[in-house]
Every structure is written in C-alpha cells, then in structure tokens.
Amino acid sequence: MTMDTLVSLCKRRGFVFQSSEIYGGTGSCYDYGPLGVELKNNLKRLWWRDFVQSRPDMVGIDASILMHPMVWKASGHLDNFTDPMVDCRECKLRFRADDVDTLPWTHYCAATKGNRFTIPAGEPCSHCGARRTLCPNCGKGELTAPRQFNLMFKTFMGPVEEEASVAYLRPETAQAMFVNFENVLQSMRLKLPFGIAQAGRSFRNEITPGNFIFRTREFEQMEIEYFVNPRETVEGRPADEYWHDRWIADCVAWFQRYGLREENLRLREHGRDELSHYSKRTVDIEYRFPIGWSELMGVANRTDFDLKQHAKFSGKSLTYFDEERKEHVVPYVVEPAAGVDRALLAFLADAYAEEEVRGEKRVVLRFHPELAPVKVAVLPLLKKREEIVKTAHGIRDTLAKQWRVVYDDTAAIGRLYRRQDEVGTPYCVTVDVQTLGDSEKGEAGDGKVTIRNRDSMEQARVPIDALPGVFHDLLGGGAWARVASRYPAAK
Ligand code: GAP
C-alpha cells in the first residue's frame, strides 16, 4: 500500500481533506473530516485514559498556545530551534540544506540538446554524467549559502505590530508543563516521581513539510513531562535512566495494544551529534510508514535543563523539597512526546488491508474497536418496508446513546457492508424480514437481527434487546467467540 492509496481513501471517505481545498489548498495544512475527527478524538481519549486518568502518578493540563515570549528565550527555541535552509535565486523555492540531495532533481542536459529530465535523488544524469549543482526544482537557479531559519511562527499580541508585542505560536506543548511546574506541584500536592501531560496544537514553520499528515505546519502533540528525583535510584539505576527505559517500553506497548504490529515498530537511539540542546539521551520510536521507517515519537531525557532555565530567566525557584533528605532538588525530566497526526497515520496504515472475497476486492481498515470512528452501522435489508426502516432507526438511536452508530440505507446490503469495511466499522447490524415477520402473510418475526463481524465476516443472530449488552462486551475488548458461542450463526 502506498501513501497515495491512503490519501485517496482519506479524502473519499471523509477522514482527511486538504485545508482550504477550494482555494487551491493551504501549504501543508489538513482538515479532519467527519470520520477523521472521530478517529482522532478516540486516539487522544485512549492516550489520556491510559497515560493520565488511570495512573495515580499523572495529572493533565490544557495551556494557552500563546505564551510569554521569554518562555522561548529560556527554552532555547529562539536561539536553537532552527534549520539551515537554502533558497533558489531563480524560482525562490526554499529547501532544508540537508534535504536538497534527498530530492529528485530537474536537469537540462547539454548532451541531449538541453532536454529536460527528472533524475532520481542523489543520482547523476545518465546522458552526460553531471551531478546536481543547481536548484532541484527548476534546474536553473543557483542556491544561496545555507542560512539558519527559525521554525517558530511569529505574530503580534494587541493592536500594535512592534518588536515589544512579538509573540510566538508554541512549537511544542512541553514548555507549558515546565512553566506550570510549581502551580501543579503545589495545587495537587504531588510527590516525585510524577508526570504532567498535555495534548494540543503545536506549530512549526517547516521548510519542507510533506508526506500528507506526517509533517505539517500545524499539528497536535500528546506530551508527558515525567519528573523524577535525580538523587534516587530505582532497581539499582539512577531514577531518570530507569524511568526513561520504562517510558520507552510503555509507549511501544501502547502502540501495539491498539494495533501497530511489532514488526512495524523499532527503536532508534539518537547519536551524540543529533541530540537536542536539552537532551542527555533520546530514543525515537520509529514506525514503518508507507514512506519508509520514520519517527513516530521521541522519548528524551531532558535532565534538569528546562526547570533550571526557567528558574534562571523568571527568577522563581522551580525546585522540589525532598522530605527524606531535607533538601531542595531540581527534578530531572523524562519526556515521551508523540504526534497525534503521525500516530493516526500509523494506525491507518497498519489497519489497511486489501483482500479477495468471492472473487471481489475488499478494502478493510482493521481498526482496534476502541479506535474505530464508527462502532456499529445499522442497515435495513429492505428500505421499502417501513417497519424494517423504523426498527433500524430505533436500534441506532438506542445504541447511539453510548457509541458512534450510523444508519445507512443508500445501497444494497453487499455494498453497504463494503462501505463500512472500508472505514473500519467493526460491526454491522442488519434488520431483515425475519426480524419483523410479515403480518399480511400471518408470519411472526423472531425479534432478532444479524450482527456481522468486520474482520472474519462471521454473522450471529442476536435478539434486539440483547444488543446493548453484546456491544458493551465486544467494544470493551470481548472476543467474538463469546457471541458466537451464545447466539446461533446467521446464514
Ligand atoms: N517536546 C519535544 C518535541 O516536541 P519532537 O520530536 O520535535 O519533540 C515530538 O516532536 C513529536 O511530535 C514527533 O515525534 C512527531 O510525532 C510530532 N511532530 C513533530 N513535528 C511535527 C510536524 N511538523 N508534523 C507532524 N507531527 C510532528
């Protein structure tokens, strides 16, 4: 499966659209459609439930996107959050200096009377043997020498556009946890180790965004700052190092729990030369995206860098009083930092499958039920029979009190099943003639409906009033085998 296959499915089925598409699109910004927003909300909710709500050592915050400009001075983003970039003097396109040779390049070949060729990245022209020296896009312009370009979006607070009112859109959610450290510590009476989590938007003026929602200029992050006492040891190791490995393992397990296959995940240790300015050690959890192995999330040991910097720049003490040792310490921080959009792309890619069923191609998204944007689709077998339609609507209304449930009668049943498979709906419920019988023929209905399992396509005949209980079990992680053992298979 290619990225194009996913992009096309996402647009066709209402997961992700190009932002402002009718105006030609906004550079590397995307809108989540009706199914995309459900999927994204489910993803964020599961992350929050598993890493915040269910843990006694975690709390959350929801901070402003616009923060005091000094935050970015103290954090180092104003000075260090830069990429070297080069500009084409002819077409004016801008590239990351280290990306230029990873792009296919345009070449006007003198050996073939100036014919234009697009040559694969890093390769020479097969006619004249030349290598790229000019702009890879237009093939004509010289590139400027590399210049540092800050990735933060700049704006102005208030009515006057002057240096004193400059503000930045946050490039990471993390800093809010550091500047609120004292507030959270005091208000919640926390003891080390503890973590503060936040999910929200971040903005980076990426020079070369791309690959759909993998790298965009506006995106969402789910970040945790986990504070530990650097003087303590756990299982004979310094606490920060122990917790770093523990968080890496917990994050990998979380992605696997909701569907990412083990063989599509791997760890990558940052080399000394690529560590961020604040990091003692960083490990990326990489996923095998359709574009190849790339970072899904990072887990960094930020040491006491941020708290010390904010203490220095704000003049406030950001320490923790260690009752046992009767001393103030500056906690170390382990930071599991995930991107919502990137995680969503990984879950989409891993769920995607094409298979042949009775000689026809079936596209199915095998989402974990808790991630699936729609949990149940209720489908009437005959839309001309008023009582069938009414019963189907009634079932939808009852189930929709607890889950996202849709009703669809706009095609024949086979087609309706395929549509739901393609968006990953784990179960369909079909109301048919047998459910209600035929009063004109004096036939009584059995009051049962057919539940169809997306993955195995098995079907079971279940009484209508048992549906809420059955779905409570299935959508809460219960096995289909339990339904199959309790209710007869449907033909
Ligand atoms: N606070 C640390 C931090 O922000 P990062 O590695 O720059 O670390 C964390 O970002 C995660 O945020 C990445 O692993 C990725 O999932 C996501 N992310 C970063 N930049 C992104 C972008 N331009 N578009 C989409 N997701 C992005």
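The values are calculated or read from the model by the stated rules, or taken from the named source; none is laboratory data. If you're wondering where the values come from, they're calculated on a predicted model, not measured in any experiment. Cβ placement follows ideal geometry from the backbone for every residue including glycine, while neighbour counts extend to all protein chains displayed.
Which residue, of Thr155, Thr144, is over 34 Å from the mean Cα position of the chain (by Cα) and polar (S, T, N, Q)?
Thr144
Tell me whether region 131-138 contains one or more residues that are within 14 Å of the ligand (Cβ to nearest atom) and either surrounded by 13 or more Cβ atoms within 10 Å (Cβ to Cβ) or of a type in the set (Val, Ile, Thr) (or both).
no
Pairs please, first residue from region 430-459 and more than 15 Å from Leu381 (Cα to Cα), second anywhere and modelled with pLDDT under 95 and assigned to a loop (DSSP other than H, G, I, E, B), Cβ atoms under 8 Å, 6+ apart in sequence or on different chains.
Listed pairs, sorted by first residue: none to list.
With (1) more than 18 Å from Glu286 (Cβ to Cβ); (2) more than 12 Å from the ligand (Cβ to nearest atom) as the list, and Tyr258 as the residue in question, which single condition is left unmet?
It fails just one condition, (1).
Among Asp250, Asp240, Asp245, which is the only one that is over 25 Å from Arg288 (Cβ atoms) and not in a strand (DSSP E or B)?
Asp240
Under the condition of being touching a Pro at 6+ places or on another chain (Cβ under 6 Å) and farther than 16 Å from Glu387 by Cα, which residue from region 437-480 is surrounded by the most Cβ atoms within 10 Å (Cβ to Cβ)?
The qualifying residue surrounded by the most Cβ atoms within 10 Å (Cβ to Cβ) is Arg454.
Going by what's in this entry, would Asn80 be described as exposed (fewer than 13 other Cβ atoms within 10 Å of the Cβ) and touching a residue at least 60 places away in the same chain (Cβ under 8 Å)?
Criteria met by Asn80.
Could you tell me whether Ser187 is touching a strand residue (DSSP E or B) at 6+ places or on another chain (Cβ under 7 Å) and surrounded by fewer than 20 Cβ atoms within 10 Å (Cβ to Cβ)?
Considered against the rule, which asks whether it is touching a strand residue (DSSP E or B) at 6+ places or on another chain (Cβ under 7 Å) and surrounded by fewer than 20 Cβ atoms within 10 Å (Cβ to Cβ), Ser187 comes out as no.
Looking at region 193-222 only, could you name the residues that are under 21 Å from Ser294 (Cβ atoms), more than 8 Å from the ligand (Cβ to nearest atom) and outside any strand (DSSP E or B)?
Listed by number, the residues that qualify are Asn205, Ile207, Thr208, Asn211, Phe212.
Give me the residue from region 54-71 that is assigned to a loop (DSSP other than H, G, I, E, B) and closer than 13 Å to Ala174 by Cα and, out of that set, farthest from the chain's Cα centre (by Cα).
Met67
Is it the case, given these coordinates, that Ala343 is under 24 Å from Phe181 (Cα atoms), surrounded by 23 or more Cβ atoms within 10 Å (Cβ to Cβ), among the small types (Gly, Ala, Ser) and within 16 Å of the ligand (Cβ to nearest atom)?
For Ala343, the condition - under 24 Å from Phe181 (Cα atoms), surrounded by 23 or more Cβ atoms within 10 Å (Cβ to Cβ), among the small types (Gly, Ala, Ser) and within 16 Å of the ligand (Cβ to nearest atom) - is not met.
When only residues in region 223-235 that are of a type outside the set (A, V, I, L, M) and in a strand (DSSP E or B) count, which is nearest to the ligand (Cβ to nearest atom)?
Glu223
Have a look at Val376, Val357 and point out the one that is among the β-branched types (Val, Ile, Thr), within 24 Å of the chain's Cα centre (by Cα) and under 27 Å from Tyr258 (Cβ atoms).
Val376
Only strands (runs of 3 or more DSSP E) wholly contained in region 266-337 count here; list those with 1 or more residues that are within 11 Å of the ligand (Cβ to nearest atom) and polar (S, T, N, Q).
281-289, 292-303
Name every residue in region 15-53 that is surrounded by fewer than 18 Cβ atoms within 10 Å (Cβ to Cβ), in contact (Cβ under 8 Å) with a residue 60 or more places away in the chain and part of a loop (DSSP other than H, G, I, E, B), in order of residue number.
Listed by number, the residues that qualify are Gly27, Cys29.
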